[in-house]
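A short write-up of the structure that comes next.
Only the coordinates and a few stated rules stand behind these numbers; no lab work does. It should be emphasised that the depicted structure is a prediction, and the values quoted were computed from it without experimental measurement. Here the Cβ is made from the backbone with ideal geometry for all residues, glycine too, and neighbour counts use every protein chain on show.
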Amino acid sequence: MKTALWKAALWMSALALAALGTAIVLPMNSHDDADLSTRRASKTGMYEVSYAPEVSPVPKRKLHSWTVELRTRDGRPVDGARIAVDGGMPDHGHGLPTRPAVREALGDGRYVIDGVKFNMGGYWVVDLAIESEHGADTVRFELKL
């Protein structure tokens, strides 16, 4: 009898902790002020950067590529740049589920990034760290899927 009561008490404690855990989850930011544009200036204004996904709208749970166009602030294409890709879901505290990277430089300031994937709907950011003969800068794109 004691064992059955002990198991029941343990079970009830687990349920109470689970309920408490869901009760203290902080509300997610709705990101109503998110800038969802696909073209923007880099952080210091050194570059104008845009992206075009190979699939539109940007899909969930599908591996795809982006073509990124990189230009100086006066509109000249930037070739020979090194671009590192990072990002994730800030509200969830995790990064991208894949490791996107530049596969090919197409010329005229265009670069193909392979391995882009968003494994769920919600607010995502994609950060590009850019280095070229013009200098280093970053740009962040926001997405709501």
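Roughly how many whole Å is it from the C-alpha centroid of segment 117-132 to that of segment 44-85?
Between the Cα centre of segment 117-132 and that of segment 44-85, the gap is 11 Å.
For segment 59-74, in order, what is each residue's ³J(HN,Hα) by Karplus, 6.51 cos²θ - 1.76 cosθ + 1.60 with θ = phi - 60°, in whole Hz (x at glycine and Pro)?
Once rounded to whole Hz, the list reads x, 9, 6, 9, 5, 8, 10, 10, 9, 9, 10, 10, 9, 6, 5, 9.
Give me the mean projected area, in nm² to one decimal, of the convex hull enclosing the Cα positions of segment 19-145.
Values: hull surface 33.9 nm².
Average projection, Cα convex hull of segment 19-145: 8.5 nm².
How much FRET efficiency would the formula 1/(1 + (r/R0)^6) give for Arg76 and Ala101, where r is the Cβ-Cβ distance and R0 is 25 Å, rounded to 0.05?
Values: r = 25 Å, r/R0 = 0.99.
Efficiency, rounded to the nearest 0.05: 0.50.
So for segment 39-144, averaging the separation of alpha carbon pairs under 8 Å that are six or more residues apart and normalising by length, what relative contact order in percent results? Let's see the in-between values first.
Numbers: 247 pairs, mean separation 31.0, N = 106.
With pairs under 8 Å counted, the relative contact order is 29 percent.
Considering amide H positions built from the backbone, and no H for Pro or chain starts, which residues 5 or more places from Gly122, or on another chain, come under 5 Å of its amide H?
Leu145
Pulled fully out, how much extra length does the chain show between Val112 and Glu54, if you take 0.36 nm times their separation in residues and subtract their Cα-Cα distance? Can you show the working numbers first?
On the way: separation 58, 0.36 × 58 = 20.88 nm, distance 0.98 nm.
Between Val112 and Glu54, full extension yields an extra 19.9 nm.
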